[in-house]
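Working notes, structure below.
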Amino acid sequence: MTAGDLDFYDVDVTWDRASQVTLVEDNVFAGYDVSYTLDDLNRLTKAEEGTWNGSSITSRTRQQIWELDQLGNWERDKLDLDGDGVF
């Protein structure tokens, strides 16, 4: 890399044993890391965006929670656009 080079996209991705993405760490922009939570059937149930501190998301900037029925259909989709816990 030369002095004028700039990374526009550089992420580290973490997968679980079932090859599901559980974490995306943004190495370019601070505060845009995303942690994903899956249920026992490997269905996405929660996404938290903010700063990854090595074990959890801190300084949360966005959160989305999906409540699923037995077939995996959305029963409820809750979106928190500023991370304050108010949906």
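The values are calculated or read from the model by the stated rules, or taken from the named source; none is laboratory data. These numbers come from a predicted model, not from an experiment. Neighbour counts run over all protein chains shown; Cβ positions are idealised from the backbone, glycine included. Ligands, DNA and RNA are stripped out before the accessible areas are found, and what is left, the full protein with its side chains, is counted by its heavy atoms. Shrake-Rupley method; radii C 1.70, N 1.55, O 1.52, S 1.80 Å.
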Dipole in debye (nearest 20) - the chain, about Cα centre, beta carbon charges: Lys, Arg +1; Asp, Glu -1: 200 debye
Positive-end residue of ALA18, TRP74, TYR36, charge dipole of the chain with Cβ unit charges: TRP74
The chain - accessible surface per residue (Å², probe 1.4 Å): 72 Å²
Of [x] 86; [y] 103; [z] 123, the label for volume of the Cα convex hull per residue in Å³ derived from the coordinates: [z]
Relative contact order computed over the chain (Cα-Cα under 8 Å; 6+ residues apart), in percent: 16 percent
